[in-house]
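What follows is a short report on a single structure.
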2 protein chains.
Amino acid sequence: MMKNILKQLRKAGYRLTKPRKQVLEVLTFYPQSVTDIVTLLKKKQAKVDRATVYRTLQVLVELGVVGKTKFNDQTTMFELLSDDHHHHLVCTDCGAVEDICLDETLLINQVNKQTKFKVKSHTLEFFGLCTHCQ
Amino acid sequence: MMKNILKQLRKAGYRLTKPRKQVLEVLTFYPQSVTDIVTLLKKKQAKVDRATVYRTLQVLVELGVVGKTKFNDQTTMFELLSDDHHHHLVCTDCGAVEDICLDETLLINQVNKQTKFKVKSHTLEFFGLCTHCQ
DNA sequence: TTAGATGCAAAAGATTTGCATTATG
DNA sequence: CATAATGCAAATCTTTTGCATCTAA
């Protein structure tokens with residue numbers, strides 16, 4: 001998995017530095033804030049500057065390896081992207097995040113029918129109550 | 001329209017102050033950043049402090065009169081909500097925003113079928129190229 | 001060896017908050 | 001007239017940037 005990402009980085013002309021590997025080590029398939037990531041790095045004794053974390057995430061998002069999502073409050077979240085294109089169910093009570101796979105072709109079709117706008121990407125998040133909190 | 005909002009404010013126990021009315025005057029049905037709003041207010045000679053703009057927007061969002069959206073970059077956007085529940089087509093080239101009305105019941109149904117999560121709200125934005133920029 | 005990457009510190013934004021003052025109801 | 005709301009300034013937080021130093025290739 002991560003091996004693969006490292007290859008992609010190289011292919012794109014980026015160096016495989018220690019900080020970059022360390023950031024990749026703490027990234028997950030669920031969304032984390034920059035602060036989450038920095039905290040995890042500290043816990044692992046990995047001394048990576050916050051600015052470097054930002055720079056690394058920027059590169060990874062560019063490569064399409066990491067997704068950048070905004071939740072309803074303020075926070076920007078980052079997560080590793082798997083092959084399955086999924087969305088989030090965010091609990092507004094406890095903050096838990098569930099993944100869900102949806103078929104959006106119907107939606108995209110609606111857009112194409114209504115306008116000439118060329119859709120390249122989209123964001124879709126759901127907010128509500130998880131099983132625990134309802 | 002705005003009369004109606006003022007009534008809602010009153011009913012909720014808020015005072016109809018000059019700053020609140022002035023903010024409402026510059027709000028639109030398309031998304032604007034706080035800076036946009038502050039600039040418009042200045043143009044109109046309305047002296048409303050940035051902090052007051054934030055506080056007012058917070059109240060209006062709470063009342064469900066104003067929608068708060070995040071676009072892909074960084075900026076938080078605010079817009080008056082009309083009765084029609086619509087979504088945005090954001091041009092990644094020129095920044096233009098089109099509205100579009102979609103029927104998401106199919107989507108919500110998919111969610112309900114797959115999980116016990118209780119969906120209260122959702123966000124859905126599309127990014128791509130407008131007719132001009134493609 | 002050398003250009004790209006990092007750390008650090010400072011800058012730039014965005015948002016929030018405390019408090020004395022103002023003005024709505 | 002009581003108190004909710006405002007303006008102002010300061011405090012926080014998030015993200016970006018300049019630059020000297022370091023390091024992967």
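The values are calculated or read from the model by the stated rules, or taken from the named source; none is laboratory data. Source: prediction; values computed, not measured. Glycine gets a Cβ as well: all are built from the backbone with ideal geometry, and neighbour counts include every protein chain shown.
Here is a check on your reading of the model: is B:Met2 touching a residue at least 40 places away in the same chain (Cβ under 8 Å) and more than 10 Å from DNA strand D (Cβ to nearest atom)?
No, not satisfied.
Conditions: (1) of a type outside the set (Gly, Ala, Ser); (2) closer than 20 Å to A:Gln114 by Cβ; (3) within 10 Å of another protein chain (Cβ to nearest Cβ); (4) not in a loop (DSSP other than H, G, I, E, B). B:Asp103 meets all but one. Number of the miss?
For B:Asp103, the exception is condition (4).
Which of the numbered conditions does B:Val97 fail, given that it passes all the others? Conditions: (1) within 14 Å of chain A (Cβ to nearest Cβ); (2) in contact with an Asp or Glu (Cβ under 8 Å, 6 or more places away or on another chain); (3) under 22 Å from A:Thr115 (Cβ atoms); (4) away from DNA strand C (no atom under 15 Å from the Cβ).
With respect to (1) within 14 Å of chain A (Cβ to nearest Cβ); (2) in contact with an Asp or Glu (Cβ under 8 Å, 6 or more places away or on another chain); (3) under 22 Å from A:Thr115 (Cβ atoms); (4) away from DNA strand C (no atom under 15 Å from the Cβ), B:Val97 is out only on (2).
Against the condition over 13 Å from the mean Cα position of the chain (by Cα) and either surrounded by 18 or more Cβ atoms within 10 Å (Cβ to Cβ) or within 14 Å of another protein chain (Cβ to nearest Cβ) (or both), how does B:Leu80 come out, does it pass?
Here the answer is no, as B:Leu80 does not meet what is asked.
So B:Leu57 passes all but one of these: (1) within 15 Å of DNA strand C (Cβ to nearest atom); (2) in contact (Cβ under 8 Å) with a residue 24 or more places away in the chain; (3) away from every other protein chain (no Cβ under 14 Å). Which condition number does it fail?
B:Leu57 satisfies all of (1) within 15 Å of DNA strand C (Cβ to nearest atom); (2) in contact (Cβ under 8 Å) with a residue 24 or more places away in the chain; (3) away from every other protein chain (no Cβ under 14 Å) except (3).
Run down A:Glu79, A:Glu25, A:Glu62 and say which single residue is in a helix (DSSP H, G or I), within 30 Å of B:Lys68 (Cβ to Cβ) and either modelled with pLDDT of 95 or more or not small (Gly, Ala, Ser) (or both).
A:Glu62
Quickly run through region B:17-51 and pick out the residues that are closer than 13 Å to B:Leu63 by Cβ and either among the acidic types (Asp, Glu) or within 11 Å of DNA strand C (Cβ to nearest atom) (or both).
B:Arg20
How about region B:89-106: which of its residues are within 19 Å of B:Phe71 (Cβ to Cβ), exposed (fewer than 14 other Cβ atoms within 10 Å of the Cβ) and of a type in the set (D, E, K, R)?
Hit for region B:89-106 is B:Asp93, nothing else.
Checking A:Lys7 against (1) of a type outside the set (Gly, Ala, Ser); (2) part of a helix (DSSP H, G or I); (3) touching a residue at least 12 places away in the same chain (Cβ under 8 Å): exactly one of these is not met. Which one?
(3)
Which residues, taken from region B:39-53, are surrounded by 12 or more Cβ atoms within 10 Å (Cβ to Cβ), within 11 Å of DNA strand D (Cβ to nearest atom) and either modelled with pLDDT under 90 or in a helix (DSSP H, G or I) (or both)?
Within region B:39-53, B:Leu41, B:Arg50, B:Thr52, B:Val53 meet the criteria.
Any residue at all in region A:106-113 that is assigned to a strand (DSSP E or B) and either within 7 Å of chain B (Cβ to nearest Cβ) or in contact (Cβ under 8 Å) with a residue 24 or more places away in the chain (or both)?
No, that holds for no residue.
Under the condition of being more than 10 Å from every other protein chain (Cβ to nearest Cβ) and either polar (S, T, N, Q) or under 29 Å from B:Glu98 (Cβ atoms) (or both), which residue from region A:64-74 is surrounded by the fewest Cβ atoms within 10 Å (Cβ to Cβ)?
Of everything passing the filter in region A:64-74, A:Gly64 is surrounded by the fewest Cβ atoms within 10 Å (Cβ to Cβ).
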